[in-house]
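The values are calculated or read from the model by the stated rules, or taken from the named source; none is laboratory data. Keep in mind that what you see is a predicted model, and the values were worked out from it rather than measured. All Cβ positions, glycine included, derive from the backbone under ideal geometry; neighbour counts span all protein chains shown. Ligands, DNA and RNA are stripped out before the accessible areas are found, and what is left, the full protein with its side chains, is counted by its heavy atoms. Shrake-Rupley method; radii C 1.70, N 1.55, O 1.52, S 1.80 Å.
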Amino acid sequence: MEENPRAATQVDELVETELARLWLRRGERLLLACPPIRAHVGARIGGRRLVPHRPARELPSARATPPRWPLPVAELPAEDWTDDPTLGHWAEAEAEDRDAVRLADHLAASHGEARVVVTDRRVAVVCPAEHLAGPDVPPDGGFGTVEQLSPQRLTSLDAPFLGRSVPPRRVIAFGFADGSTLFACDVHAAMKVRRAQDRAQR
């Protein structure tokens, strides 16, 4: 994940440009786009800490090569996950079938290549075509959609401070109607959430 604010701004512009050109449908408005976060995904599902998170279901669409990343800290409390630089996403849910976990499954399976996108029509996880296999591969390249939800399932979008680092880290928090939450590290979390809320009101 990009920690330098200036470089992160350039990545943000590139991500939005690519999605507008290669993925958005005609008339669809982009609200928020996360960059690829090349780090592990963690989760607390039904009270169990799962680090790194591994999908419980089979995801035949992913074909990214597993990276040689350092493993997350074994004994770090779940609420302090942002203090571990090897973690880029975190899911909190009561069960594996919740929305946040379904999205987190693809983020974990893609090994940092997939990203979360919110538009006025859907909440999705998309992945570059070169990292997909099977029916999810778009015929013209670009991005494939590996999971999507109706926008009504996203009930909150926030940028809270988490962890015990000084200063604490800000993340994007996607809250879903089933009570689950997906978090994404982003140096521009507050700006992106404000921008998404402004775009949604237009």
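Selection within the range 10-23: residues that are among the hydrophobic types (A, V, I, L, M, F, W, C) and either touching a helix residue (DSSP H, G or I) at 6+ places or on another chain (Cβ under 6 Å) or over 24 Å from Asp158 (Cβ atoms) (or both). The member of this set that is surrounded by the most Cβ atoms within 10 Å (Cβ to Cβ) is Trp23. Residues that are of a type outside the set (A, V, I, L, M, F, W, C) and at pLDDT 95 or above, at least 1 per element: which strands (runs of 3 or more DSSP E) completely within the range 21-132 meet that? Strands (runs of 3 or more DSSP E) meeting the threshold: 40-45, 48-50, 87-93, 115-119. For Ser165, state whether it is buried (at least 19 other Cβ atoms within 10 Å of the Cβ), polar (S, T, N, Q) and in contact (Cβ under 8 Å) with a residue 24 or more places away in the chain. In short, no. Among the residues of the range 133-150, write down those that are assigned to a loop (DSSP other than H, G, I, E, B) and over 17 Å from Phe176 (Cβ atoms). Within the range 133-150, Ala133, Val137, Pro138, Pro139, Asp140, Gly141, Gly142 meet the criteria.
Which one of Pro70, Pro77 is open to solvent by 70 Å² or more (accessible area, probe 1.4 Å) and free of Cβ contacts under 8 Å to residues at least 60 places away in the same chain?
Selected residue: Pro70, the only one of Pro70, Pro77 that is open to solvent by 70 Å² or more (accessible area, probe 1.4 Å) and free of Cβ contacts under 8 Å to residues at least 60 places away in the same chain.
Among the residues of the range 86-127, those that are out of contact with any helix residue (DSSP H, G or I) (no Cβ under 9 Å at 6 or more places or on another chain) and open to solvent by 10 Å² or more (accessible area, probe 1.4 Å) comprise Thr86, Glu94, Asp97, Arg98, Arg102, His106, Ala108, Ala109.
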